[in-house]
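Shown next, in structure tokens, is the structure this report addresses.
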Amino acid sequence: MSGFNTASIDWLWNESKQQPHVRHWPAVQRGMVHIHDVTSLGELKKQADTFTTANAWVDFYHKTMTPERLSVAVDTLADMIDHDRGNCLGEHTIMKGHSSVLFALARGEVVTKATMSARLAVLATGLAVPENAPISTVERTQQLSEFTVSDLQLLAAQVDGIRKNQKKADLVKDILAAEEIGGLDLPLGDLVPAPKATEWLEQLVNQYVRALHDALADPVYPTQFREAVLRQAKSQVTVNALKRALEVEYWDVLEQGIEDTPEDPSIAPESISMRDWTPPVGQSTNDTPWIWAAIALVFIFWIIL
């Protein structure tokens, strides 16, 4: 029953009724990373009635419910950011819901299309700087018109005196008027990543990995459930920095059970170890000159005699 301690055995076995307790492992619903066991328990419930001792049931569960058989739902890094799990964003709560833009900037991409709320968020937090903003009034009008009414209302909210409940064309007109008198800086143009984007993403990655570790620290979770969670977390990673962090932190778990494929003897013929092999006596190419020299000496002595 490797990987099962008193807490996990108590979760699997109903001591008072002396029968298996078939249920999902406790959900993690607090903190930065939420985890839910969503394994189908139908077949397990059918098997449970045949067991009368805790040891037999736990041993069966250990052999049957391998990490591959367990199904878990694990928050992604995007989930953590977009829901501001555990106040992970700190004072930058304005970035809530904008993980995709953050990831693009951290990858060094220039963001050309983004909602107004995302633009205001990354510019306010210093994660990006604007470039190639439209210069002429016609160009700015055209770009503002591409945003939704909700986006324009959000931008208008940055300025006192602009009525929010009006037609799109009137919103654009009032926003441009506010810009002309210096009351508003339009967040238009491309969003170019600032160095802070990569640094901030790395901090969030570290928070995610630490939160995952803390979430699984409860002794109720057996080794195979932890492994299932870690494998699921890695499988849904879209950020290289997080993938590397998970591999470094949990290398022994994520690489467990991976072995080199053995050679097929029918394909690779048995080879001779060169370390143990020695040439037969008299057949080494290095011996050939000495053999001919000996023959020559014998021939000379025969002539003399």
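The values are calculated or read from the model by the stated rules, or taken from the named source; none is laboratory data. What you see is a predicted model, and the numbers here were worked out from it, not measured in a lab. Neighbour counts are summed over all protein chains in view; Cβ atoms, including those assigned to glycine, are modelled from backbone coordinates with ideal geometry. Accessible surface areas use protein heavy atoms only, side chains included; no ligands, DNA or RNA. Shrake-Rupley method; radii C 1.70, N 1.55, O 1.52, S 1.80 Å.
Looking at segment 122-163, which of the residues that are without any contact (Cβ under 8 Å) to a residue 12 or more places away in the chain and aliphatic (A, V, I, L, M) is least open to solvent (accessible area, probe 1.4 Å)?
Ala157
Only residues that are under 17 Å from Asp37 (Cα atoms) and in a helix (DSSP H, G or I): list them for segment 10-26, please. Working first, answer last.
Going through segment 10-26, the residues under 17 Å from Asp37 (Cα atoms) turn out to be 11-12, 21-26.
Scanning segment 10-26 gives Trp11, Leu12.
Please enumerate the residues belonging to segment 10-41 that are under 23 Å from Glu68 (Cβ atoms) and open to solvent by 40 Å² or more (accessible area, probe 1.4 Å). It would help to see each step written out before you state the result.
Within segment 10-41, the subset under 23 Å from Glu68 (Cβ atoms) is 11-12, 20-28, 33-41.
Hits for segment 10-41 are Trp11, His21, Arg23, His24, Ala27, His36, Val38, Ser40.
Any residue that is modelled with pLDDT of 95 or more, on the phi < 0 side of the Ramachandran plot, in a loop (DSSP other than H, G, I, E, B) and of a type in the set (Ser, Thr, Tyr) - is there at least one of those in segment 74-88?
Yes, there is a match, as at least one residue in segment 74-88 is modelled with pLDDT of 95 or more, on the phi < 0 side of the Ramachandran plot, in a loop (DSSP other than H, G, I, E, B) and of a type in the set (Ser, Thr, Tyr).
Does Ala194 count as of a type outside the set (Lys, Arg) and more than 30 Å from Met116 (Cβ to Cβ)? Lay out the reasoning, then the answer.
Values: of a type outside the set (Lys, Arg): yes; more than 30 Å from Met116 (Cβ to Cβ): no.
It is false that Ala194 is of a type outside the set (Lys, Arg) and more than 30 Å from Met116 (Cβ to Cβ).
From the list Asp37, Asp10, which one is acidic (Asp, Glu) and under 29 Å from Ala78 (Cα atoms)? Step through it out loud before you land on a result.
Details: Asp10 fails: under 29 Å from Ala78 (Cα atoms).
Result: Asp37 is the single residue among Asp37, Asp10 that is acidic (Asp, Glu) and under 29 Å from Ala78 (Cα atoms).
Residue check, Ala215 against (1) on the phi > 0 side of the Ramachandran plot; (2) open to solvent by less than 50 Å² (accessible area, probe 1.4 Å); (3) not β-branched (Val, Ile, Thr), all met but one. Which one?
Condition (1) is where Ala215 drops out.
Given (1) under 30 Å from Ala118 (Cα atoms); (2) exposed (fewer than 14 other Cβ atoms within 10 Å of the Cβ); (3) of a type in the set (Lys, Arg), identify the lone condition not met by Arg85.
Checking Arg85 against (1) under 30 Å from Ala118 (Cα atoms); (2) exposed (fewer than 14 other Cβ atoms within 10 Å of the Cβ); (3) of a type in the set (Lys, Arg), the one that fails is (2).
Does segment 147-160 include one or more residues that are polar (S, T, N, Q), under 30 Å from Thr76 (Cα atoms) and not in a helix (DSSP H, G or I)? So that I can check it myself, show each step before the final result.
At the first step, the residues of segment 147-160 found to be polar (S, T, N, Q) are 148, 150, 153, 158.
Cutting the leftovers down to under 30 Å from Thr76 (Cα atoms) gives us 148, 150.
Filter once more, keeping what is not in a helix (DSSP H, G or I): 148.
Scanning segment 147-160, I find at least one residue that is polar (S, T, N, Q), under 30 Å from Thr76 (Cα atoms) and not in a helix (DSSP H, G or I), so the answer is yes.
Pro195 fails exactly one of the following numbered conditions: (1) within 30 Å of Asn132 (Cα to Cα); (2) in contact with a Leu (Cβ under 8 Å, 6 or more places away or on another chain). What is the number of that condition?
All conditions are met except number (2).
Within segment 12-20, can one find any residue that is without any contact (Cβ under 8 Å) to a residue 40 or more places away in the chain and closer than 27 Å to Ala211 by Cβ?
no
Considering segment 106-123 alone, what residues qualify as being of a type in the set (A, V, I, L, M) and either over 17 Å from Met95 (Cβ atoms) or in a helix (DSSP H, G or I) (or both)? Spell out the reasoning first.
Initially, segment 106-123 is screened for residues of a type in the set (A, V, I, L, M), giving 106, 110-111, 114, 116, 118, 120-123.
Correct list: Ala106, Val110, Met116, Ala118, Leu120, Ala121, Val122, Leu123.
Would you pick out the residues in segment 164-206 that are open to solvent by less than 20 Å² (accessible area, probe 1.4 Å) and part of a helix (DSSP H, G or I)?
Correct list: Leu171, Val172, Ile175, Leu176, Ala178, Ala197, Leu201, Leu204, Val205.
Among the residues in segment 50-64, are any touching a residue at least 40 places away in the same chain (Cβ under 8 Å), out of contact with any His (no Cβ under 6 Å at 6 or more places or on another chain) and assigned to a loop (DSSP other than H, G, I, E, B)?
Taking segment 50-64 first, the residues touching a residue at least 40 places away in the same chain (Cβ under 8 Å) are 54-55, 57-59, 61-62.
Then drop every residue that is not out of contact with any His (no Cβ under 6 Å at 6 or more places or on another chain), which leaves 54-55, 57-59, 61-62.
Now narrow it down to the ones that are assigned to a loop (DSSP other than H, G, I, E, B): none.
The answer is no, given that none of the residues of segment 50-64 is touching a residue at least 40 places away in the same chain (Cβ under 8 Å), out of contact with any His (no Cβ under 6 Å at 6 or more places or on another chain) and assigned to a loop (DSSP other than H, G, I, E, B).
Report, by residue number, each residue of segment 25-48 that is farther than 14 Å from Asp218 by Cβ and free of Cβ contacts under 8 Å to residues at least 24 places away in the same chain.
Leu41, Gly42, Glu43, Leu44, Lys45, Lys46, Gln47
The rows are residues; the columns are (1) buried (at least 19 other Cβ atoms within 10 Å of the Cβ); (2) in contact with an Asp or Glu (Cβ under 9 Å, 6 or more places away or on another chain); (3) at pLDDT 95 or above.
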{"site": "Gln47", "(1), (2), (3)": "no, no, no"}
{"site": "Val72", "(1), (2), (3)": "yes, yes, yes"}
{"site": "Gly97", "(1), (2), (3)": "no, yes, yes"}
{"site": "Arg107", "(1), (2), (3)": "no, no, no"}
